[in-house]
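Okay, so here's the structure we're looking at.
The values are calculated or read from the model by the stated rules, or taken from the named source; none is laboratory data. Since the structure is predicted, the reported quantities are computational estimates derived from the model, not experimental observations. Please note: Cβ atoms are built from the backbone with ideal geometry, for glycine as well, and neighbour counts cover all protein chains shown.
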Amino acid sequence: MRSLSFTVQLFLRYSPPSPPKNSPKQTLYFRSLRRSISVVTAIMDQNLTKNTSLQPEHVAGPWYSVPELRLRDHHFIVPLDYSLSQSPKISIFAREAVAVGKEEEALPYLLFLQGGPGYESPRPTESNNIVNDAEFIRKHLVPDAGPWKLLGQSFGGFCGVTYLSFAPQGLKQVFLTGGIPSIKDGCTAETVYNACIDPIVLQNQKYYKRYPQDVEIIRDVVNYLTESEGGGVPLPSGGILTPRGLQLLGLTGLGASTGFERLHYLFERVWDPVIVPGSKKQISYYFLNSFEKWLSFDTNPLYALMHESIYCQGAASQWAAHRVRLEHENKLDAVKAAKEGRPVFFTGEMVFPWMFDEIHALRPFKEAANLLAEKKDWPPLYNKTALNNNKVPVAAAVYYEDMFVNFKLAMETAKEIAGIRLWVTNEYMHSGLRDGAGHVPVATAVYYEDMFVNFKLAMETAKEIAGIRLWVTNEYMHSGLRDGAGHVFDHLMGLLNGKKPLF
């Protein structure tokens, strides 16, 4: 029995809302829910695979309603492995969402590729197969098999760059948010993790600056865990919470816009109330239970199993995050930091081999995780020649302090994608697509190749201006305001008005 999984894919059809009276005609808006479509794949044995051969490739269900939307479910039968001429088949479920009353209109499609891998679907796979699945569905779903637009968040953006590399004919426009990957040859996991160490340290420093009282609280927790029998305390599910396990909270706590607050409030309830003076402190059940929910590996274990593989093409990851952490133990050793009276730093988006021992939900996957870490024959994910000659309009939001998708590596890749338009901002974290609603009072254009106003110095100053919206572009030089025939000004005004004038 073979199992692959698909990262969450959503399909949206969008329509322009009716403009208010006495207002100018509005441009098209995407009408969406965050989860308008989920694509899932069941694990199938040989008997079930045989049954799929008797089913049609595409079955569309009837329309039904939720508030403000009409939904329709689709089922597709697709190859398990597109490289095989006689591949077993698997089933994919997709949900289409459209504004009420627009069901029968010939609206364009937007394919939304969510981050991950492995969230909301038990079929994480490399982005090359995700592209193959998307193309299969596009040819069945879009009228006349026309191209569609793509919105890729995080790992979904990685998939978007793969799409541009191998199937650009299926794309009309591409929007990337926090999702420009490193496209160097081989496995880039070690490069990515090394590049992310400084942003991780920065986020830790910012957290403790906001909540200085947590330095001592977290240090006490680490010392408590270290002195406990077995070097940790039992978790409700049967795993064990150790000092290095505690540091995993940084994945959610440091990388999202509201993470600092959630992390702080979590540690407010780390200890059971001391009713009898002098009683020994004990970590609360509330905290232990919340810790496991934060990690969510009980419901999404394949995120941990497949995470490093998303960086691999033609080479093995060999537990890259673990190796990088060992090189930076002077910063990330929780036990040593607590003993020396230093702040304990959390880790970021990293998966370590010991997690498959300490986290109960991951234990059944330990053997598979080790096999994947040594796997070398990963197929190519990107084609630089195709990207250099790209003709598809691409716009990307790049988050300057993104803890997960490194800014420097993203900018290196952006140079390889012909025609890409960039918006660089430090207003949002990696979760900007979800968090980025609202008015912005300051907007500025920063010319990436400006010979007079240095880009690096400009970005340093921008970090000191609260709420600033940045548009970084290499399309114009220092004289862009004069040379851009109004485009630069219009773009900045669009930022201030809450629009997204990326094209």
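General observations
- Condition met for Val324 (in contact (Cβ under 8 Å) with a residue 60 or more places away in the chain, in a loop (DSSP other than H, G, I, E, B), surrounded by 16 or more Cβ atoms within 10 Å (Cβ to Cβ) and not hydroxyl-bearing (Ser, Thr, Tyr)): no
- Test result for Glu120, of a type in the set (Asp, Glu) and at pLDDT 90 or above: no
- Single match in Val270, Val344, Val276 (criterion: without any contact (Cβ under 8 Å) to a residue 40 or more places away in the chain, of a type in the set (Val, Ile, Thr) and more than 24 Å from Arg434 (Cβ to Cβ)): Val276
- Residue check, Gly186 on the phi > 0 side of the Ramachandran plot, in contact (Cβ under 8 Å) with a residue 24 or more places away in the chain and under 19 Å from the mean Cα position of the chain (by Cα): no
- Residue among Thr461, Thr425 that alone is without any contact (Cβ under 8 Å) to a residue 40 or more places away in the chain and polar (S, T, N, Q): Thr461
- Residue match in segment 200-207 (condition: surrounded by fewer than 23 Cβ atoms within 10 Å (Cβ to Cβ) and either of a type in the set (A, V, I, L, M) or in the same structural domain as Met403 (by TED's automatic domain parsing) (or both)): yes
- Total residues in segment 217-251, condition out of contact with any Asp or Glu (no Cβ under 9 Å at 6 or more places or on another chain) and either over 19 Å from His322 (Cα atoms) or not assigned by TED's automatic domain parsing to the domain that holds Ala338 (or both): 17
- Selection status of Asp272, assigned by TED's automatic domain parsing to the domain that holds Ile197, closer than 25 Å to Pro364 by Cα and not hydroxyl-bearing (Ser, Thr, Tyr): no
- Condition check for Tyr265: part of a helix (DSSP H, G or I), among the aromatic types (Phe, Trp, Tyr) and loosely packed, with under 13 Cβ neighbours inside 10 Å: yes
Here's the yes/no breakdown for (1) in contact with an Asp or Glu (Cβ under 9 Å, 6 or more places away or on another chain); (2) surrounded by 13 or more Cβ atoms within 10 Å (Cβ to Cβ):
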residue: Tyr64; (1), (2): yes, no
residue: Arg70; (1), (2): yes, yes
residue: Ile77; (1), (2): yes, yes
residue: Leu84; (1), (2): no, no
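- Residue check for Glu96: of a type outside the set (Phe, Trp, Tyr), assigned to a loop (DSSP other than H, G, I, E, B) and at pLDDT 50 or above: no
- Residues that are within 10 Å of Pro181 (Cα to Cα) and of a type in the set (D, E, K, R) within segment 398-415 comprise just one, Glu412.
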